[in-house]
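Below is one structure, written out as structure tokens; the observations come after it.
The values are calculated or read from the model by the stated rules, or taken from the named source; none is laboratory data. Predicted, not measured: the structure shown is a model, and the values here were computed from it. As a convention, Cβ positions derive from the backbone with ideal geometry for all residues, glycine included, and neighbour counts pool all protein chains shown. Side chains are part of the model used for accessible areas, which takes the heavy atoms of the whole protein and leaves out ligands, DNA and RNA. Shrake-Rupley method; radii C 1.70, N 1.55, O 1.52, S 1.80 Å.
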Amino acid sequence: MDSPNSQSLNFPTTSRAQLRPLGVSIDDSLFTDTKNTQKRKLSQKRKTLLSGSFSIGGHLSPWPRYISDQTILPNRKPCSDDYRKRAGSLQQPLGTTKPRYLEQLENYLRKELLLLDLSTDSAQELKLQPYREIFEFFIEDFKTYKPLLSSIKNAYEVMLAHQREKIRALEPLKAKLVTVNEDCNERILAMRAEERDEISMLKKEKMNLLKLIDKKNEEKISLQTEVTKLRKNLAEEYLHYLSERDARKILIADLNELRYQREDMSLAQSPGVWGEDPVKLTVALKMARQDLTRTQMELNTMKANFGDVVPRRDFEMQEKTLKELQEQLESLRDDYEEVRKEHEMLLQLHMSTLKERDQFYSELQEIQRTSTPRPDWSKCEDVVAGGRDRWHMLAEGKNSDQLVDVLLEEIGEGLLREKDFFTGLGYGESIPPFLRFDGMVENKKPTKKEVVKLLKNAWKERITEEQKEKFPDFFFSFLERHFGPGDAMAWAYTIFEYIKLFHTNEVMSQFYAVLMGKRKESVYIKQMETIAQLLKEMTNIDSQNEGLLTVEQLSTVLKSAFPFKKDERIQELMETAGWHPSISNADLLDYRMLFMEDEEGQSVPFVQKLWEQYTVEKDEYLNELKQELSLELNKEVTLPKVREALMNIDPSLDKQTLNHYLRQAFQLPMTEMPEEGEEREEGIVTQLQTALEQLQMNDIRRMGPREQEPAS
């Protein structure tokens, strides 16, 4: 180690580049003045400290002078405990003292620490400053190790600055944690108060029920007592009437005996009757009467036992005839049921044929009236990006009207990509909240695939959250979370322009309808749940997990999932899934392909047919409701009338679903929904057209079949 001269001590310089990582921004002149001032102060302190710390010759006094090579322990690290012990054992006997420079540094450090005010919040920072100055003295005095010591000091300074920044960043989180803790405590106290109220109410209800039970038990005991008394009276009356019956029989027997004795006496008084002994005749008459009585009793018993009995031969003949007639009746019933079903199918086929005929006839008349030369769509092959192959893919299975939409979307997409900025719509009340901005907004120019993926992620996040905020506010919050507050508005304008342009894309068109309030988000969520449930049922039937179902299994799943769909609509779904009359019921269909999507979010025809049938069935349901009300669209309708009409067209509606439909139709909060039969129901009115429009925006489905009216 060098022993530097006191005249060559220099102040360590710190550049602005080393201060900038600490988050300090200083003006150049201020930085230079501060550095010079600090340099002069430290230089003055060093001169004071070093004034008596040099040996003769102007050099630092070596300490300890006696240390030689033999004091260095072999194979030991200088910082180890063993090294310290052995070095101490060698130094203590010599009785050497510390150098004056070291003692002055320690005294200076002790004095500076005593002068500090450690009661402030920045006590640790102040306490570190004396140590930093001592380390600066070492760096300046030991020239050989100055670069290494300076790099060590700078590394610690950078780390301290980094830790300060982290502490400063965590301060708001601490305050937020305290706020959240207070909110949670308030909610817990509120919930406990509600629980106490509910417990008190339940206790009151319990006491009332216990009183009612006691009252019922008393009534039961009194009734049992009365029943016991009535049974006793009934037994006494029964015994009385039984004795009366026996006495009557005895009296009748005595009267008969007296009559017989009188007859015997009259016969005894006329000795010329039949020339027989009267005693003998009396005995014979008595025996004949006994036989007559016994025979009469047996005859009565036979009549009672076999009065309703027919001969076995007649019974067997009648049983055989009955069985034949029952078989004929069952056969006739089966034939009648088959004929009835065929008749209904023919009637439905006839009605559908008539509708198709009328539709085709009206279309023919319209075409004849407004027919123009059919456009040559092949000219679009050179205009659309991707050439002929992509145009054929876009135009497959579409009519002229749909092709016009596709062509407009392709042209609009090209124009969107050429535009670098959008003009903000301002802050008007008619402007959606997520578009309220004044100025120029950057066009992010994403691909169609990227927009679809972003919208799907938004739907997933919306379904998993509690849906407390409105959908437009959630959409802007979602963009802020994914792109930051700075780019959220640019992405909002970009995505809005895309979903407004692409009407043929299912994901974009449905998201646009929900975002603009033309459709409730529950419609999309319920449709996705229906599709997921349908796929789950198909997977459950597929026991081999091969992804294949027979046509019969597919039909069973569809009828189970949609029990109220008409047979022709089930047939449409079957045909869309790939069935046609030439396929037998044993043929297999790949049901997983029915739920696939392309990279731009377009579903296969099966899912599109499900959505199309849902829309048609909702329109039919609302048309039935309109016909049941029998009012014009501009007329007002009351809540009880709508309730009655809904129950007439859909008797299977439960109370919760019915109240939900009524709240949506009349735009009532849940707390203001009156119960059925309340007087204030009549005061809730709205226009029929408004009610139907509100129901059209929501998820409305038939809950059961409509009861058939009895035939006149």
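Here are the numbers for this structure:
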read-out	value
Selection of trypsin sites (Lys or Arg not before Pro), region 585-651, meeting DSSP coil and at most 13 other Cβ within 10 Å	Lys635
Accessible carbon and sulfur surface of region 116-242 relative to its total accessible area, %, 1.4 Å	63 percent
Gln667-Leu349 pseudo-label distance in nm [points 7 Å out on the Cα-to-Cβ vector]	5.0 nm
Alpha-carbon Rg with Dmax, taken over region 167-275, Å	46.2, 153
Calculated FRET value between Glu461 and Ala161, using beta carbons and R₀ = 35 Å, to 0.05	0.40
Arg110-Arg436 pseudo-label distance in nm [points 7 Å out on the Cα-to-Cβ vector]	6.9 nm
Relative packing of peptides 695-701, 667-673 - highest average C-beta neighbours within 10 Å first	695-701, 667-673
Sites Gln608 and Leu329 - FRET efficiency at Förster radius 51 Å, r taken between beta-carbons, to 0.05	0.55
Dimensionless Rg ratio for region 485-609, taking C-alpha atoms and the 2.2 N^0.38 Å reference	1.31
Mean projected area (nm²) of the alpha-carbon convex hull when region 289-333 is viewed from all directions	4.0 nm²
Accessible surface of region 404-447 [probe 1.4 Å, protein heavy atoms]: carbon and sulfur percent	58 percent
Label-point separation, Arg417 to Ile213 (7 Å along Cα→Cβ), nm	7.8 nm
Chain lengthening between Gln296 and Gln224 when straightened (0.36 nm per residue, less Cα-Cα)	21.2 nm
Prolate/oblate/rounded call for region 451-559, Cα gyration tensor, a/c under 1.5 rounded	prolate
Nearest-0.05 FRET efficiency for Phe595 and Val404, computed from C-beta distance (R0 35 Å)	0.75
Stretch gain in nm, segment Ser200-Cys184, where the contour uses 0.36 nm per residue and the Cα spacing is subtracted	3.3 nm
Linear extension gain, Lys320 paired with Leu177, 0.36 nm per residue minus alpha-carbon span	42.4 nm
